[in-house]
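Reviewing the structure listed below.
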Amino acid sequence: AWYVPCLASLETLQELCRKENLTCKSIGITNRSLKSYEVEYLCDYKVEEGKAYYLVKWKGWPESSNTWEPAKHLNCPLLLQNFLRDKNEYLSRGRGSKATKVRNHVKTLKPAIADYIVKKAKQRIALQRWKEELNRKKNHKAMILVENTVDLEGPPLDFYYINEYKPAPGINVLNGITTGCECADCPAEKCCPKEAGFILAYNKRKKLKIQPGLPIYECNSYCRCGPDCPNRIVQKGTPYSLCIFRTNNGRGWGVKTLQKIKTNSFVMEYVGEVITSEEAERRGQLYDNQGNTYLFDLDYDSDEFTVDAARYGNVSHFVNHSCDPNLQVFNVFIDNLDLRLPRIALFSTRTIKAGEELTFDYQMKGSIDLTSDSAEGLSPSKRRIRTVCKCGAVCCRGYLN
């Protein structure tokens, strides 16, 4: 099903909840905020007759209900800290002076500074809500964080988090499996990879041991082995806490790891809508005009299907390109042995430090036709316009195609 973003503002929804006496945790309306005044964020600052006042936005009330409150009456240290940090951030960028003196010995912030502080407060709330939504929808234990210390960009308005492929009508991404291995202790003589004619992809430490280009066959839902089987890695989901963050060099959103990742470790799966190549070509032409495309060709065995992560995807939706990447693409088969429909897994090519950005090469085998506000390019086979690469790697090719 397709979804339409809600056109009502957060303030409008909160006000409706208050009028109807309804709680809604996802937009910050609780029994507490219905029954009492709770500070949502601070909008402005002034000094009058020697006393400091803050303009308060009350949770669940429209902005027309904002009131000036003495600083000594406020019990919201974190919000005060955010207010001061946002003010200093604006000033450090040379956009104004600290304060403006007006008549009657009143000191106030310049309107531009107050406007910036309000926008940052609203952004902070929106990103927090988005983080909570992502963590509600994910099916793995690791956390997803969101961070933007660069600009005023908020969550994408037309992106929906999914954990697995979303097939278009007529496409079956779960077929071909009727039996599983009988191993009591995988891998054995007739374990899934050997039955498919390949070696087990993982070593005893559950790290990848095969070369790029070779497929991964994991044990499936019919197999006798349990969840601790060493041949069940990709199907368990992302094992690392990751952060979707705003890059500071014009590449939009990116993804960084919050934990150290060892070489040859599974990091994440690339998911989206599974569509036919014909539909991908049609969408690609539309996306070119929008500059917003995420088309990944499933070309392990044929070019019949494509994964489109433009509207539906997971954290991998935000991973940027690099000519010197730290992630590598592998084709994976678990509950579907159809060679036209592999799952796409990203494994680390080297040790990745905590805080380091995750990247992969869009021109790798299983290359991707992918542009976005954060990404910069398309695969050579589909690219219509040459796009400059901004990865910054020493070996940068200059262009993505």
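Listed values, structure above:
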item	result
Helix-only mean residue ellipticity at 222 nm for the chain, each DSSP H run of n ≥ 4 adding -39500 (n - 2.57), per residue, nearest 500	-6000 deg cm²/dmol
Carbon and sulfur %, accessible surface of the chain computed with the full protein complex present, 1.4 Å	51 percent
For the chain: accessible area per residue (Å², 1.4 Å)	51 Å²
Student exercise, segment 142-360 dipole from Lys, Arg, Asp, Glu Cβ charges, in Debye to nearest 20	1120 debye
Size of charge dipole - the chain - debye, nearest 20, with Cβ of Lys, Arg +1 and Asp, Glu -1, no other charges	1920 debye
Overall Cα dimensions of the chain - principal axes, largest extent first, Å	86, 48, 40
Highest-first arrangement of 145-155, 267-277, where packing means the average Cβ count within 10 Å	267-277, 145-155
Helical segments meeting 18 Å axial Cα length and Kyte-Doolittle -1.0 threshold in the chain (DSSP H)	77-92, 111-137
Sequence ranges 129-142, 233-246, ranked by mean other-Cβ count within 10 angstrom, highest first	233-246, 129-142
Distance violations [Cα-Cα > 19 Å] among LYS120/LYS353; LYS59/LYS120; LYS19/LYS57	LYS120/LYS353
Stretch gain in nm, segment ARG136-LEU84, where the contour uses 0.36 nm per residue and the Cα spacing is subtracted	15.6 nm
Gyration tensor verdict on segment 176-261 (Cα atoms; rounded if a/c is under 1.5, prolate if a/b is larger than b/c, oblate otherwise)	prolate
Segment 297-366-segment 184-233 distance, computed between alpha-carbon centres (Å)	19 Å
Förster radius 60 Å - calculated FRET efficiency between GLU49 and SER221, Cβ distance, rounded to 0.05	0.25
Over 19 Å (Cα to Cα) - which of LYS87/LYS390; LYS138/LYS236; LYS87/LYS256; LYS131/LYS262 fall in this group	LYS87/LYS390; LYS87/LYS256; LYS131/LYS262
Three-way shape call for segment 142-360 based on the alpha-carbon gyration tensor, with the a/c threshold at 1.5	oblate
DSSP beta bridge pairing in segment 142-360, given as percent antiparallel to the nearest 5	65 percent
Lys/Arg +1, Asp/Glu -1 at C-beta; the chain dipole; positive extreme among ALA114, GLY392, GLN285	ALA114
Positive-end residue, the chain charge dipole about Cα centroid, Cβ charges, pick of ASN336, LEU134, VAL173	LEU134
Ordering of 334-341, 185-192 by packing [mean C-beta count within 10 Å, highest first]	334-341, 185-192
Partners for LYS137 among aspartates and glutamates (Cα-Cα distance below 14 Å; same-chain residues under 8 apart left out)	GLU164
Length gained when the stretch VAL150-THR179 is fully extended (0.36 nm per residue, less Cα-Cα span)	5.3 nm
Gain in span if fully extended, ASN203 to SER65, counting 0.36 nm per residue against the direct Cα distance	43.4 nm
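The values are calculated or read from the model by the stated rules, or taken from the named source; none is laboratory data. Note that the structure is predicted; figures quoted are calculated from it, not measured. Backbone-built Cβ (ideal geometry, glycine too); neighbour counts: all protein chains shown. Side chains included, ligands, DNA and RNA excluded: accessible areas come from the protein's heavy atoms. Shrake-Rupley method; radii C 1.70, N 1.55, O 1.52, S 1.80 Å.
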